[in-house]
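Data block below; observations after.
The values are calculated or read from the model by the stated rules, or taken from the named source; none is laboratory data. No experiment lies behind these values; they were computed from the predicted model shown. Don't worry about glycine lacking a Cβ; one is built from the backbone with ideal geometry, like all the others, and counts go over all protein chains shown. Protein only, heavy atoms only, side chains kept; ligands, DNA and RNA dropped before computing areas. Shrake-Rupley method; radii C 1.70, N 1.55, O 1.52, S 1.80 Å.
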Amino acid sequence: MAAFSILNFTITVLLVFLSRTSSTPLPYAPKFDPNLLLIGDARLTNSASSVQLTDPTSSSSSGLLIRSKTFKFRSSNSKKPAIKPVSFSTDFIFSISPHDGDGLALIIVPADFSSNFSRDGFGLSRQSRFFAVEFDTSRNENVGDENANHVGIDVASLHSVQVSNVSSIGLVLNSGIKLHSWVDYDSSSKRLEVRLSGFGSPRPYAPLLAYQIDLGEMWKGEEVLVGLSSSRGNSVQKTCIYSWKFAVRIAPKWLHSQPVNPQAFSSKRSEDKVADKKSLCALRLLSGLIFATGCGLLAAFVVLFLWAVFANNDQVAVIPVKCSANAGDFRYEKIQVVLEDSSDAVKN
């Protein structure tokens, strides 16, 4: 009987552990990317309008909403072995209840992260390699937090390498209201920007936080996953996600700041410049010929016009005028003319 009880207890513990670490596909939701997985305490709410990452009724809770599709920060084509840098853009709407807790984090982790998901620190405490953008609502002096309302950049450590105070834009992360965040990474400039505003407000022009980092060098050709993670420690904080979109894009080769073969790239650009100059010279020559031809035709027209005016100046053109009057309209009268002989007067 004792052996049966021990076996039953062991099976129960294993089932609880597996239920917390196993992944569940997210049912179709129009405001979320397809192929999302729910890990830990993450679950779809009853109204199916949001995903709740943490469970306030549990003693210690953490949850993860993660994309099941991996991607690489360096993409190579089998036909053309040249490596192309990959950028990404994502935006999500979330809310954090007004309690102390870890808050929310956008994380980029290796493809095997699900098996290493832990119960605290955004689920990253057992992960040695990760990149995260944390929306932190607790002041943890052990990792150098300045306040309990900041956005930070974490690289393989929860000690943020750069922090921005959210109070500077008049927002509070754990106010309970919906917030909208945009995170963009450009592989050509190796720049990551984080923007934040209240729900319904337009996307801010200036980023709340900007950080220079080469994620392509950090992850090289390794397949990675991206997710939204939350943990609350011993508090009753609740984190909800209302929408999430994520997109990767391959930057054109000529935009990359460090080409694979700089010398070949430079020579190719020089050849393009020479070709452009030749095309420009040909276009200028053609334009000059057209202009000269036009001037010649205009001069010939002026000469012909002047010749027509001055060469025929001595000729009078007689234009017969047709009389419209009828013969019966004229009347003839006899006029008598008297001539006086003035020869005598002239002689005298």
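When a/c reaches 1.5 or more, the comparison of a/b and b/c decides; with that in mind, is region 135-177 rounded, prolate or oblate per its Cα gyration tensor? Judged from the Cα gyration tensor, region 135-177 comes out prolate (a/c at least 1.5, a/b above b/c). Sorted on the mean count of surrounding Cβ atoms within 10 Å across their residues, most packed first, peptides 90-101, 207-218 read 90-101, 207-218.
According to the square roots a ≥ b ≥ c of the eigenvalues of the Cα gyration tensor, what is the shape class of region 101-253, taking rounded for a/c under 1.5, prolate for a/b larger than b/c otherwise, and oblate for the remainder? Verdict is oblate for region 101-253.
Segment residue 184..residue 307, full-extension length gain: 36.8 nm, with 0.36 nm per residue of separation and the alpha-carbon distance subtracted. In region 62-157, the alpha-carbon atoms span a convex hull of 129 Å³ per residue. Checking the Cα-Cα distances for 220/245; 178/220; 72/245; 31/220; 31/69 against a 29 Å cut-off, the pairs over it are 178/220; 31/220.
When each of the peptides 40-48, 135-143 is scored by the mean number of other C-beta atoms lying within 10 Å of its residues, the order from highest to lowest reads 135-143, 40-48.
By a 1.4 Å probe calculation restricted to protein chains, residue 175 has an accessible surface near 50 Å², given to the nearest 10.
Between residue 197 and residue 115, the FRET efficiency from the beta-carbon distance, with R0 = 30 Å, is close to 0.25. Of the peptides 146-153, 229-236, the order by per-residue mean of other Cβ atoms within 10 Å, starting with the highest, comes out as 229-236, 146-153. The label-point distance for residue 60 and residue 43, in a model that sets each label 7 Å from Cα toward Cβ, rounds to 2.1 nm.
Dividing the convex hull volume of the alpha carbon atoms of region 38-78 by its residue count gives 101 Å³ per residue. Extending 7 Å from the Cα toward the beta-carbon at both residue 177 and residue 157 defines two label points whose distance is 3.6 nm. For residue 286 and residue 31, the difference between the fully extended length at 0.36 nm per residue and the C-alpha to C-alpha distance is 86.1 nm.
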